[in-house]
Amino acid sequence: MGRPLLIGVTPSPGESFSSILLRTAEANGLPGPGLVLRAAGIASTFPRLQSEISTLATVCRLNVDLVRALLPLELGPGAQGLARKHRYQYYGATVGMEHLLVGRSERVCPRCIRGSGHLPAVHAFTFVTACPFHASRLLDHCPRCERAIDMMRPRLHLCQCGLDLGTVESIAVSDDEMRVISLVCRRWQLSFMRDIPPRCTDVPDEFNDLDLNDLLRVISFLCRLNEESHRTWRAVTQSKRIRAVSWRVEQVGRLLRAWPHGFENLIRRVRTPLVGGFAHGGAGGVGRASISLFSELPEPKFAFIHRLLVSNMQQGNAGIRLALAEA
């Protein structure tokens, strides 16, 4: 007996997989997207096998290549700096796993829900903390029940508790935060769209020239370097909650606005932290920054950052230069 064919929906450019599932469930009067997946014989949140992708495309009357592009498909480890890290293929772009939110929870934009009735896939990137189309803060938790927004919720606009997410008041974000988010969105769109300007005018050319994955790597490094100036050195994606990432993204946006002077000021803060002192002295902070840069971003394409860091380190005192040489 063949699989049932559901009433299909027309995907919008850049729409997320969960958004299409939720709209398909509503079009067919199903209580949630889980039953759409079940109709295709898929027990998990995402189809992972090629046979599952093909079956889901048939059941939902979608192009199989489109469904494949919508899904974050694991590619296995690949070279990234001096390490080999696992990657996803997503919307035609290859990105590190640490840069994508993959699972049952997701981020939503109330204005997208109210206006277009679908959700963009770009919201799944860790550093996209606001909607690039509405410049408003994304939701990752329901303001009523405080649970994470579940992609398996009953409807696109409804939380599990019944709150209409489209009615949540929009919160505007700063121009600095939007500078980074718009750049990430532009590089993402270039992987599947060709009728958009390739460059962001308020971002240095060196960053416009990077592909999506390399851009995300640089943003991650700059986030951690900024934390070093405040006596911390944790992975920025340790928590992917918006409130834990948004202020870091805003700081990177300020760096880009004042580039290269913003980066030079950051190195000075790392050398002489604003809050207290490092356990091993200021030189330790700069040394860790140098080791991190040349291990994570050693490729020639990042030479513009290498030159700035080395130039600023050479302006330090002899003790700092000696510590760097020993490191």
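The values are calculated or read from the model by the stated rules, or taken from the named source; none is laboratory data. As the structure is a computational prediction, the values presented were derived from the model and not from experiment. Every residue, glycine among them, receives a Cβ derived from its backbone with ideal geometry; neighbour counts consider all protein chains shown. Each accessible area value is taken on the protein alone, full model and side chains, heavy atoms only, with ligands, DNA and RNA left out. Shrake-Rupley method; radii C 1.70, N 1.55, O 1.52, S 1.80 Å.
Data overview
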read-out	value
The chain - Cys residues lacking any other Cys C-beta under 4.7 Å	Cys60, Cys185, Cys200, Cys223
Cα centre as origin, Lys/Arg/Asp/Glu Cβ charges: the chain dipole, Debye	460
From phi via Karplus (6.51, -1.76, 1.60), per-residue ³J(HN,Hα) for the stretch 137-150 in Hz, x at Gly/Pro	4, 7, 9, 10, 9, 6, x, 8, 8, 6, 8, 4, 5, 9
Alpha-carbon Rg with Dmax, taken over the stretch 96-150, Å	11.1, 33
Overall Cα dimensions of the stretch 1-126, principal axis frame, Å, largest first	50, 40, 22
For the chain: rounded, prolate or oblate by the Cα gyration tensor [a/c cutoff 1.5]	prolate
Interchain or long-range residues, amide H under 5 Å from Leu73's placed H	Gln89
Alpha-carbon Debye profile of the stretch 1-50, log10 I(q)/I(0) at 0.19, 0.22, 0.24 Å⁻¹	-0.64, -0.84, -0.98
Sequence of Glu169, Glu106, Glu227, Glu74 when ordered by accessible area, the most exposed leading, probe 1.4 angstrom	Glu169, Glu74, Glu106, Glu227
Heavy atoms of Glu296 accessible to a 1.4 Å probe, total area in Å² rounded to 10	50
Debye intensity ratio I(q)/I(0), log10, the stretch 173-227, q values 0.24 Å⁻¹ (C-alpha model)	-1.01
Helix-only CD estimate at 222 nm, as mean residue ellipticity for the chain, using -39500 (n - 2.57) per DSSP H run (n ≥ 4)	-13000 deg cm²/dmol
Degrees between helix 50-59 axis and first principal axis of the chain (Cα, 0 to 90, nearest 10)	50
Accessible area in the full protein assembly, largest first, 1.4 Å probe, for Glu26, Glu250	Glu26, Glu250
Charged-residue dipole, Cβ positions (Lys, Arg, Asp, Glu), the stretch 150-261 about Cα centre, Debye nearest 20	400
Label-point separation in nm, His306 to Arg68, each point 7 Å along Cα→Cβ	3.7
Cα gyration tensor, the stretch 114-218 - rounded (a/c under 1.5), prolate or oblate	prolate
Heavy-atom accessible area order for His261, His86, largest first, 1.4 Å probe	His261, His86
Accessible area of Thr10 in the full protein assembly, 1.4 Å probe (Å², nearest 10)	110
In Å², nearest 10: area of Val108 left accessible to a 1.4 Å probe	0
